[in-house]
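Below is one structure, written out as structure tokens; the observations come after it.
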């Protein structure tokens with residue numbers, strides 16, 4: 001009888017250990033698959049800044065090679081205010097410099113409004129629907145809902161995907177395709193990427209008019225236009 005009791009207790013111990021192990025496994029799995037708060041892709045607080053390397057190509061009719069401009073830009077949140085409805089408006093300053101050894105020069109200010117379901121950016125007197133929440137693959141919206149420009153269909157790609165920008169790696173990012181129109185005579189493409197807990201990590205804007213003479217139409221030769229690319233190199237919070 002003692003032998004039987006001893007064996008039974010061992011089985012109970014093994015079963016208890018097995019149950020604890022399963023609990024831990026399922027607990028870990030649940031934690032790793034918890035949904036990401038999509039508004040964390042655009043964190044907002046006073047003092048937060050982002051610095052970008054900037055490369056801009058400017059093409060002009062009659063010129064063989066584009067004018068190349070390189071430098072850096074910094075976006076920093078200077079202030080925040082809240083209206084009667086509880087909606088916060090964040091004021092950004094954008095500064096520019098040629099290289100890291102130069103002083104920053106203020107270029108402009110713009111504002112960002114944070115709503116429960118969207119982020120609105122007002123820059124150069126135009127308001128754009130930057131992000132909408134919750135974010136999911138291929139979600140589409142009109143980025144020009146709150147301005148007088150023609151409707152522009154924005155949509156998400158690569159939700160919560162890893163991304164590398166320059167020498168920096170981001171475990172989770174999302175891509176917003178703001179425009180992707182290409183034809184035999186022009187090319188308009190706007191793509192932005194956001195890093196979780198960081199904000200905008202890359203911004204590529206292309207606006208080309210191709211050669212349309214009988215000799216070169218369809219060749220893809222750029223007649224005029226611009227391409228501007230911003231890639232993040234530093235970010236943080238000034239307290």
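The values are calculated or read from the model by the stated rules, or taken from the named source; none is laboratory data. As the structure is a prediction and not an experimental result, all values here were calculated from the model. All Cβ positions, glycine included, derive from the backbone under ideal geometry; neighbour counts span all protein chains shown.
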Legend entry - Residue selected from region 205-239 under the condition assigned to a strand (DSSP E or B) and free of Cβ contacts under 8 Å to residues at least 60 places away in the same chain, by the criterion farthest from residue 176 (Cα to Cα): 210
Inset, instruction - Filter region 56-86 for residues that are touching a strand residue (DSSP E or B) at 6+ places or on another chain (Cβ under 6 Å) and closer than 15 Å to residue 112 by Cβ and give the result. - result: 75, 76, 77, 78, 79, 80, 81, 82
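Okay, residues lined up against (1) surrounded by 13 or more Cβ atoms within 10 Å (Cβ to Cβ); (2) modelled with pLDDT of 95 or more; (3) outside any loop (DSSP other than H, G, I, E, B):
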site	(1), (2), (3)
130	yes, yes, yes
137	no, no, no
141	yes, yes, yes
145	yes, yes, no
151	no, yes, no
161	yes, yes, yes
170	yes, yes, yes
173	yes, yes, yes
179	yes, yes, yes
Legend entry - Condition broken by residue 86, with the remaining ones in (1) modelled with pLDDT of 95 or more; (2) surrounded by fewer than 18 Cβ atoms within 10 Å (Cβ to Cβ) satisfied: (1)
